[in-house]
Amino acid sequence: MNDTIENKSCADLIAGELKDREQQLEQLYTLADDGDDDAREQIYEMAYGIDRREIFKVIWSGGGPADHLELTVSDGDLIAVNYVYQDWYDGARLAVDESSPAYRYALEILEIIPGLTNNQLTRITRPLVQ
């Protein structure tokens, strides 16, 4: 790692890193599209791993403004909670701390609705617990 990269944050580097990956993919796809089997194999070998994650959206309000929680689940474990606030043509997202009431709420939502899919959660319009 050179000195200029060591002093930069990931936010400073991300656009350039994506550009490098896209250039690499573009070159490989050009070769693969021309029948180069080695290039096609290199495309698939680029994936270090594949992690499946589900995002559940718990909608607190709709319209403008609107807010909801995004619950990210991997292998049945809650790995992230984000609070999303949106108003007309604008929006923001915050990571929710594990010690917060909103995080506790997210855990409880996932516990009381076992096997819930994304589509089912967005369709709930009545109180979850009576």
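With an a/c value of 1.5 or above and a/b larger than b/c for the gyration tensor axes a ≥ b ≥ c computed over the alpha-carbon atoms, the stretch 11-106 is described as prolate. Taking the alpha-carbon centroid of each part, what is the distance from the stretch 85-102 to the stretch 1-76 in angstrom? Cα centroid of the stretch 85-102 versus Cα centroid of the stretch 1-76: 22 Å apart. The chymotrypsin sites (Phe, Trp or Tyr not before Pro) found in the stretch 39-74 that occupy coil by DSSP, while having at most 16 further C-beta atoms within 10 Å, are Y48. Loop-located trypsin sites (Lys or Arg not before Pro) across the stretch 1-83 with a Cβ neighbour count of 15 or fewer within 10 Å are K8, R52, R53, with loop assigned by DSSP.
Across the stretch 20-36, rounded Karplus estimates of 3J(HN,Hα) from the backbone phi angles (6.51 cos²θ - 1.76 cosθ + 1.60, θ = phi - 60°) give 4, 4, 5, 5, 4, 5, 4, 4, 5, 5, 4, 5, 5, 5, 8, x, 6 Hz, Gly and Pro being marked x. In terms of modelled amide H atoms, which long-range or inter-chain residues lie less than 5 Å from the amide H of V96? Amide H neighbours of V96: V81, N82, Y83. Taking a Cβ cut-off of under 11 Å around L69, the surrounding Lys, Arg, Asp and Glu residues balance to a net charge of 0, with basic ones at +1 and acidic ones at -1. Across the stretch 92-109, rounded Karplus estimates of 3J(HN,Hα) from the backbone phi angles (6.51 cos²θ - 1.76 cosθ + 1.60, θ = phi - 60°) give 8, 9, 10, 6, 9, 5, 4, 8, 8, x, 5, 5, 4, 4, 4, 4, 5, 4 Hz, Gly and Pro being marked x. Close amide-amide hydrogen proximity is noted between D36 and no other residue 5 or more places distant or on a separate chain, at a cut-off under 5 Å (H modeled in the peptide plane; Pro and chain starts excluded). Would you be so kind as to identify which of Q24, S9, Q42 lies farthest towards the positive end of the dipole of the stretch 3-45, taking Lys and Arg as +1 and Asp and Glu as -1 on Cβ and the Cα centre as origin? Selected residue: S9.
Each reported figure results from applying straightforward, stated rules to the coordinates on display, with no laboratory input. Computed from a predicted structure; not experimentally measured. Here Cβ is always computed from backbone atoms with ideal geometry, including for glycine, and neighbour counts include all displayed protein chains.
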